[in-house]
Every structure is written in structure tokens, then in C-alpha cells.
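Here the structure is laid out as C-alpha cells; the discussion comes afterwards.
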Amino acid sequence: MARSFLTAAAATAALVLSSTAFAQQSQFGAADEAKAMLLRAVAAVKADKSKALDMFNKGEGGFLDRDLYIFCNDVSDAKAVANGNPQLKQFLGTDTRDRKDPTGKAYGLELFAAGQKPEGQITEVSYLQARPSSPTPVPKVSIVTRIGDVYCGVGYYK
């Protein structure tokens, strides 16, 4: 009887602690979650590029999670071919090399340079950007890799 009580108490404590940790984690995406999303995106593009880009643009298939989303640009001209952020759809089809953060940092050129590297190499680009839920710019890191004729990335806020 005492053993079953201890087992039940331990299980309850684990459940409470894990739900607390989940609640703290659930507001914003983290670096490891961004990398996992990017790796899933790479697999999706390799399997069926057209279908993958459509999913990314629609935020389907787990490619829009809180403030994490996939973006992809053409390797040759840096034109945006996918953007999972519903607030940035106006950038589809535009050259992303001219993007600058509020401090003037040309992060669009850095993303483009990361996309020119060999397939499978993941590059981090740091800059300031507002979260989808707030107008105040905060530090952000985008992890980027090339997949054939596109480069894709996922950004997470620090």
C-alpha cells in the first residue's frame, strides 16, 4: 500500500513538473526546435519541393509552430519562394538581399551568403527583428541551409 502511494505521488509530481515545464516552453520556439524544423523541411523539399513549399507557405505539416516558421529563397536571385509567417506574405517573390534590421545590419545579404554554401552546411545569421506578436525588435538567429536550388531557414528569438 505504501509503495503504491509513493508510486502515485511520484507520478503526480512528474506530471505537475512536466506540465509546468511545457507551459514555460510553449510560448516561444527554441534553438533545438528550430533546427529540428529545418531538418524536417530539408527532408520535405528533397521528397517533393513543390508540395513542401506549398506546405511552408500555408503553415501546414508542422511548419508553423508558435514563432517558428520556415522561409525559403531561390539560390540564384534570393527571391522569396516560401514564407510561413502569415504577417510576411508580402515578401513572396521579392529579392530578400536588401533586408536590413533596425540597426541597419544587412542580414538579407548574410542569409543569401549562407544559402550559397554547400548543401547540408547549416549557418547561423544573427540580427534584430520583432516577434510576430510584438513590434519591439529583439535578437533573432536564423539557421539556414541550401537544398538544391533553394535555401531555407528557421529563425528563433533569443
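Could you calculate, for region 36-158, the ratio of the Cα radius of gyration to the Kirkwood radius, expressed as Rg to Rh? Ratio of gyration radius to Kirkwood radius: 0.92.
Shown here for region 30-133: chymotrypsin sites (Phe, Trp or Tyr not before Pro) in loop regions (DSSP other than H, G, I, E, B) with at most 12 other Cβ atoms within 10 Å, of which there are none.
Each of Pro118, Phe71, Ala52 was scored by the projection of its Cα onto the charge dipole of region 39-158, and the greatest displacement toward the positive side belongs to Phe71; charges sit on the C-beta of Lys, Arg, Asp and Glu. Residue-wise HN-Hα couplings along region 113-118, as the Karplus relation 6.51 cos²θ - 1.76 cosθ + 1.60 with θ = phi - 60° gives them from phi, are 4, 5, x, 8, 6, x Hz; Gly and Pro carry x. Counting only residues at least eight positions apart within a chain, or on another chain, the aspartates and glutamates with an alpha carbon under 18 Å from that of Lys51 are Glu60, Asp74, Asp149. Here Lys100 is the anchor, and the aspartates and glutamates within straight C-alpha reach of less than 14 Å, apart from those fewer than 8 places off in the same chain, are Glu110.
Bridging of Lys58 to lysines at a Cα separation below 24 Å is possible for Lys35, Lys46, Lys49, Lys79, Lys89, Lys140, once same-chain residues fewer than 8 apart are set aside. Our estimate of slack between Ala36 and Asp77, defined as 0.36 nm per intervening residue step minus the Cα-Cα distance, is 12.1 nm.
Readers should treat all values here as calculations from the given coordinates under stated rules, not as data from a laboratory. What you see is a predicted model, and the numbers here were worked out from it, not measured in a lab. For neighbour counting, all protein chains shown are included, and Cβ atoms are generated from backbone atoms with ideal geometry for every residue, glycine included.
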